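Worksheet: one structure, shown below.
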Amino acid sequence: MSLRRPLIAGNWKMYKTASEAALLAREIRQGVEEALRERDVVLAPPFTSLRAVAEAVRGSGIGLAAQNMHHEVEGAFTGEISPVMLKDAGCSHVILGHSERRQLFGETDEGVARKAQAAFAHGLTPIVCVGETLTERESSRTMEVVERQTERALRGLTADQVAALVLAYEPVWAIGTGKVATPAQAQEVHAFIRRLLDRSHGEPAAAALRILYGGSVKPDNIASLMAQADIDGALVGGASLKADSFLQIVHYPKA
Ligand code: PEP
């Protein structure tokens, strides 16, 4: 049996004003107290709601993530937010390399690598996203793409850092589309990633690393995904925007 603690993270994307986010965070807090004994929960609101959510979850054990950051501490980078600022706002985690950032905002593997190192340097746990597009899957390039993204994004990290970080396998064709990867499809890629990291950073790091699945996770498919040996949690988009569906996901029944 896996010793890795399950982690359910909610990515709120560009939804919720600060007061809406605080309300949702309070509802989630009330519903997860028991579950936090054996599962981790992380919420990722937009930058402008971080402080309000930090306040709402203070002392609960719920983690707080930003959805992106710049790798520098400060400087003339209009519109960017630094790791120091995220720590100051109460963040414990930061999502890096989400496919929407890669596809819509030109995020590169090298940029993700710089950000992952900066996150560790400032005491933030990175949640690094990888995943193939539909065209890449249909041309049998899934493993090649995931290998390249993982290898490049984690370049320069120590074995201890790899053990502590969180990876999210998010097939792009499954994000926000209602098309979920089958548990077997997801497990195949998760096991592949773990083998890669076993080779690059050693068995203890690969065994400790948590790999989340993301892509149309809902209350009715979470249990079958979590029953897979190498799926350690979920990064949830749409279904994390309502307390009811997110809480059902957090409370998935054990296999
Ligand atoms: C995501 O935003 O990371 C995601 C997986 O979205 P959804 O659950 O809506 O597919």
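With all protein chains kept in place, the per residue accessible area of the chain amounts to 45 square angstrom at a probe of 1.4 angstrom. In this structure, the pairs whose alpha-carbon distance is over 18 Å, taken from Lys218/Lys254; Lys13/Lys242; Lys218/Lys242; Lys13/Lys218; Lys115/Lys242; Lys87/Lys115, are Lys115/Lys242.
State, to one decimal in nm², a quarter of the convex hull surface area for the C-alpha atoms of segment 1-133, i.e. the direction-averaged projected area.
On the way: hull surface 36.9 nm².
Result: a mean projected hull area of 9.2 nm².
Considering only alpha-carbon pairs that sit under 8 angstrom and 6 or more positions apart, the relative contact order computed for the chain is 20 percent.
With 0.36 nm allotted per residue and the present C-alpha distance subtracted, the Phe77-Gln103 stretch has 7.3 nm of extension available. Rg and Dmax of segment 112-177, both derived from C-alpha coordinates alone, stand at 13.0, 39 Å.
Per the 1.4 Å probe, what fraction of the accessible area of segment 149-255, in percent, lies on carbon and sulfur atoms? Solvent-exposed carbon and sulfur of segment 149-255 make up 54 percent of the total. Of the peptides 113-126, 66-79, 159-172, the ranking by mean beta-carbon count within 10 Å, highest at the top, reads 159-172, 113-126, 66-79.
Can you give me the Cα centroid spacing of segment 7-41 and segment 191-207 in angstrom? If we compute the Cα centre of each part, the gap is 30 Å. Its Cα gyration tensor gives segment 147-252 an equivalent ellipsoid. The semi-axes, each the square root of 5 times an eigenvalue, are 26, 13, 12 Å from largest down. Treating each Cα of the chain as an identical point scatterer and summing with the Debye formula, the log10 of I(q)/I(0) at q = 0.08 Å⁻¹ comes to -0.27.
For segment 88-131, a Kirkwood hydrodynamic radius built from all Cα pairs, placed in the Stokes-Einstein relation at 20 °C and 1.002 mPa s, yields a translational diffusion coefficient of 200 µm²/s.
For segment 26-113, the list of trypsin sites (Lys or Arg not before Pro) that fall in a loop by DSSP and count at most 15 other C-beta atoms within 10 angstrom reads Arg58.
The values are calculated or read from the model by the stated rules, or taken from the named source; none is laboratory data. Keep in mind it's a predicted model, so treat the numbers as computed, not measured. So basically every Cβ, Gly included, is an ideal-geometry build from the backbone, and we count neighbours across all protein chains shown. Just the protein is used for accessible areas: all its heavy atoms, side chains included, with ligands, DNA and RNA removed. Shrake-Rupley method; radii C 1.70, N 1.55, O 1.52, S 1.80 Å.
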